[in-house]
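Asker: I have a structure here, written as structure tokens, and I will follow up with some questions on it.
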Amino acid sequence: MRVFDETIRKTSALLSESEPRVYKFIPGGSAREGKKNELIMDRDSAFELGAAALGSVNYSLFTNERELVPRDEILLYGRELYELKNDSDFARITVILTDDIEENGEQGAYAIIKDIEMKKFEVSPEGYMMRVSALSNREQVRVSKAAVKSKLSFEQVGNLFIEKYKQNSHVLAVKVIFITLPDAPYEEMDVLATTAVNITKALNHIIADMNMDCSHCGWKPVCDEVEGLKEMHFKASRNSEKNNKEE
């Protein structure tokens, strides 16, 4: 699958002027898991990432090009959790290397992607309360005083994300990118996040309506812009026609 590849490259280009800390994935080096839907009250909170008035972006990208995700790793642009003293801008971007999910039977690329994305809701580090907006690309995190005192780190949180994602058999490698820089291009990243969401929605439309007329399709602008989407549509249509004939 290469429909997200250009968005992956644009994301890398946006971050190219900054040097990240690079953490290797260490099995067993994850943050301690807390209770699902842990509630951290204001009085127990040290700070928030991506608070209302600050930059906040979250999105996931998928590829089967090994050069784009050569290994499991965590990249951090900005300060570590235990180095932050106040609320901070925040972005979390996940780039996932998969097998060729287009070739994995009737489940379809869209269904596999959604199954992989659901893994993020299983990530619940102790003292790290995530809130993801269903109406935007924002993600806010409230970090407890106890977690900061115990030196909870993005390295540990990233390890936990990777462990959860790799429970899906289609996932080969994961790159988790955390950003807390105050001057990072959050608005530009938000545009890329919207592109990623639209690609996934267009994939769903391809699966749901194999015989659609492209000239009247509301997702035509996305297919025109994103290399590979049209090819996926035509391939899916041919396979559907072939199956119908065989029946």
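Asker: Is there a residue being modelled with pLDDT under 95, open to solvent by 20 Å² or more (accessible area, probe 1.4 Å), in a strand (DSSP E or B) and not aliphatic (A, V, I, L, M) anywhere in the range 42-52?
Answerer: No, the conditions are met nowhere in the range 42-52.
Asker: Take the range 102-115 and flag every residue that is surrounded by fewer than 21 Cβ atoms within 10 Å (Cβ to Cβ) and in a helix (DSSP H, G or I).
Answerer: Glu102, Glu103, Gly105, Glu106, Gln107, Gly108, Tyr110, Ala111, Lys114, Asp115
Asker: Something else: So which of Met130, Met118 is part of a strand (DSSP E or B), closer than 29 Å to Asp42 by Cα, free of Cβ contacts under 8 Å to residues at least 12 places away in the same chain and under 15 Å from the mean Cα position of the chain (by Cα)?
Answerer: The conditions single out Met130.
Asker: Can you name every residue in the range 14-65 that is more than 16 Å from Val123 (Cβ to Cβ) and of a type in the set (D, E, K, R)?
Answerer: Selection gives Glu17, Glu19, Arg21, Lys24, Asp42, Arg43, Asp44, Glu48, Glu65.
Asker: Another one. With the requirement that a residue be open to solvent by less than 70 Å² (accessible area, probe 1.4 Å) and farther than 29 Å from Ala109 by Cβ, what does the range 9-27 give you?
Answerer: Ser18, Pro20, Tyr23
Asker: When you look at Leu81, is it farther than 22 Å from Glu187 by Cα and surrounded by 20 or more Cβ atoms within 10 Å (Cβ to Cβ), yes or no?
Answerer: yes
Asker: Residues Gln167, Gln156: which one is open to solvent by 50 Å² or more (accessible area, probe 1.4 Å) and assigned to a loop (DSSP other than H, G, I, E, B)?
Answerer: After applying the criteria, what remains is Gln167.
Asker: Another question, if that's okay. Does any residue of the range 188-196 turn out to be in a helix (DSSP H, G or I), in contact (Cβ under 8 Å) with a residue 40 or more places away in the chain and small (Gly, Ala, Ser)?
Answerer: yes
Asker: Tell me which residues, restricted to the range 96-113, are without any contact (Cβ under 8 Å) to a residue 12 or more places away in the chain and charged (D, E, K, R).
Answerer: Glu103, Glu106
Asker: Specify which of the listed residues (Ile74, Ile93) is touching a Gly at 6+ places or on another chain (Cβ under 8 Å) and either assigned to a strand (DSSP E or B) or open to solvent by 10 Å² or more (accessible area, probe 1.4 Å) (or both).
Answerer: From the options Ile74, Ile93, the qualifying one is Ile74.
Asker: Going by what's in this entry, would Ser144 be described as touching a helix residue (DSSP H, G or I) at 6+ places or on another chain (Cβ under 6 Å) and either at pLDDT 95 or above or buried (at least 21 other Cβ atoms within 10 Å of the Cβ) (or both)?
Answerer: Taking the combined requirement at face value, the residue satisfies it.
Asker: Quick test of your reading of the structure: Glu6 fulfils all but one of (1) touching a residue at least 40 places away in the same chain (Cβ under 8 Å); (2) buried (at least 16 other Cβ atoms within 10 Å of the Cβ); (3) in contact with a strand residue (DSSP E or B) (Cβ under 9 Å, 6 or more places away or on another chain). Name the failing condition by number.
Answerer: (3)
Asker: So which residues in the range 29-41 are touching a residue at least 40 places away in the same chain (Cβ under 8 Å) and surrounded by fewer than 20 Cβ atoms within 10 Å (Cβ to Cβ), if there are any at all?
Answerer: Residues satisfying the conditions are Gly29, Arg32, Glu33, Gly34, Lys35, Lys36, Asn37, Glu38, Leu39.
The values are calculated or read from the model by the stated rules, or taken from the named source; none is laboratory data. These numbers come from a predicted model, not from an experiment. Glycine gets a Cβ as well: all are built from the backbone with ideal geometry, and neighbour counts include every protein chain shown. These accessible areas exclude ligands, DNA and RNA; they are computed on the full protein's heavy atoms, side chains included. Shrake-Rupley method; radii C 1.70, N 1.55, O 1.52, S 1.80 Å.
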